[in-house]
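Down below is the structure, laid out as structure tokens.
The values are calculated or read from the model by the stated rules, or taken from the named source; none is laboratory data. Model, not experiment: these values are computed from the prediction. Quick reminder, even Gly has a Cβ in these numbers, built from the backbone with ideal geometry, and neighbours come from all protein chains shown.
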Amino acid sequence: MEVSLRLSIELNAREARSVYVSLKPDNEYPGRDLYIEDRVVERDGKGVYILEVKCQSKETCLNTVKGTIDEVLALVSVVVKIGDLVH
């Protein structure tokens with residue numbers, strides 16, 4: 001069983017970079033049977049944080065992918081709220 005998921009979140013460029021920098025250490029060494037690639041694409045002051053998660057172990061695959069996505073969405077929420085407070 002392989003699960004592959006791609007998540008794209010459009011933010012302002014600074015917020016997208018903040019999410020990327022915050023998650024990069026965890027995404028460098030995701031663990032056994034899990035592949036994570038993330039990047040930021042910037043254009044016209046906007047940033048798109050792109051996360052691709054692939055898992056090949058059926059025992060932990062769905063929970064692992066779900067946990068990764070939950071972590072990203074929680075961080076994005078915090079970064080956006082902080083950005084709103086600053087502006």
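Points to keep in mind about this one:
- Only a single criterion out of (1) out of contact with any strand residue (DSSP E or B) (no Cβ under 8 Å at 6 or more places or on another chain); (2) more than 14 Å from Ile9 (Cα to Cα) is not satisfied by Tyr35, namely (1).
- Test: residue in region 15-28 that is farther than 14 Å from Leu75 by Cα and among the aliphatic types (A, V, I, L, M): no
- Beta carbons closer than 6 Å, at least 6 apart along the sequence or on distinct chains, pair a first residue in region 20-37 that is assigned to a strand (DSSP E or B) with a second that is β-branched (Val, Ile, Thr) for Leu34/Thr64; Ile36/Val53.
- When the criteria are applied in full, Arg32 fails the requirement of being surrounded by 11 or more Cβ atoms within 10 Å (Cβ to Cβ) and charged (D, E, K, R).
- Applying the criterion of being under 13 Å from Val19 (Cβ atoms) and either in a loop (DSSP other than H, G, I, E, B) or aliphatic (A, V, I, L, M) (or both) to the residues of region 39-68, the residue that is modelled with the lowest pLDDT is Leu51.
- Hits in region 9-19 (condition: closer than 19 Å to Gly67 by Cβ and not in a helix (DSSP H, G or I)): Ile9
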